[in-house]
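In what follows, a structure is listed as structure tokens, so that the remarks can point back to it.
Here, each number is a calculation from the coordinates, and none is a lab measurement. Here the structure is a predicted model, which is why all the values come from computation and not from measurement. Here Cβ is always computed from backbone atoms with ideal geometry, including for glycine, and neighbour counts include all displayed protein chains.
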Amino acid sequence: MRYRYARLPLIMALVALALSICALVKAFAVSPAFEAEPLQIAEPAVEVIFTTPDPVPEPSVEFEPELMLPLAEPSPEFISLGDFTLTAYCPCVRCCEIWSAEHPSRIGTDYVQRTASGALPQAGRTIAADTNVLPFGTVVYIDDHEYVVEDRGGAIKGNAIDIFFDTHDEAKNFGRQTHEVFIKKED
């Protein structure tokens, strides 16, 4: 707000210049048979007076404690569960055996493949774990990504997690990795 009127003298000078140019153009506007007439320059219709505006005082800011917003809640603290061996699986027969919707015994039926907890598996969310270590519904964080324990597997024992992928190629490309696993600290 302090510089609100700082450009006013410049604007007024430009207006005066524009009016002068208009007068010159009008003076040169002649009939098709060019006639030389004496040039008459009209006076500008606006008188330009350059002044400096009075400075605007800076507003004083006073904080009233009852009007202040509360501080944002701190981000939740995480607890490390240690390093886990991570593997991957998908809904195919090779990974899920008889529980796969692609299993020959399931073809032609209305079978819907679900996890051991009864949920529909979803890539990017569903993981299988040893339910003695991580019970169903446990939310874990691996590389800042949230997963939910919704399945278990015969080969998943102790500190091991199987991450669900949509295709066998994705699961195969993931391979076997070791990562630190976290949960949110309870209040």
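May I ask you to sort Asp144, Asp166 by Cβ crowding, counting other Cβ atoms within 10 Å and putting the fewest first?
Ranked by crowding around the Cβ, least crowded first: Asp144, Asp166.
Hey, rough spin-label estimate for Glu180 and Thr138, points 7 angstrom out along Cα→Cβ, what's it come to in nanometres?
Each label point lies 7 Å from its Cα, and together they span 1.8 nm.
Contour minus end-to-end for Cys92 and Lys172, with contour as 0.36 nm per residue of separation and end-to-end as the Cα-Cα distance?
Gain on stretching Cys92 to Lys172: 27.6 nm.
Where in segment 70-168 are there chymotrypsin sites (Phe, Trp or Tyr not before Pro) that are in a DSSP coil and have at most 16 other Cβ atoms within 10 angstrom of their Cβ?
Loop-located and lightly packed - Tyr111, Phe136.
I'd like the FRET efficiency for Thr85 and Arg106, computed as 1/(1 + (r/R0)^6) with the beta carbon distance as r and R0 of 35 Å, rounded to 0.05.
0.75
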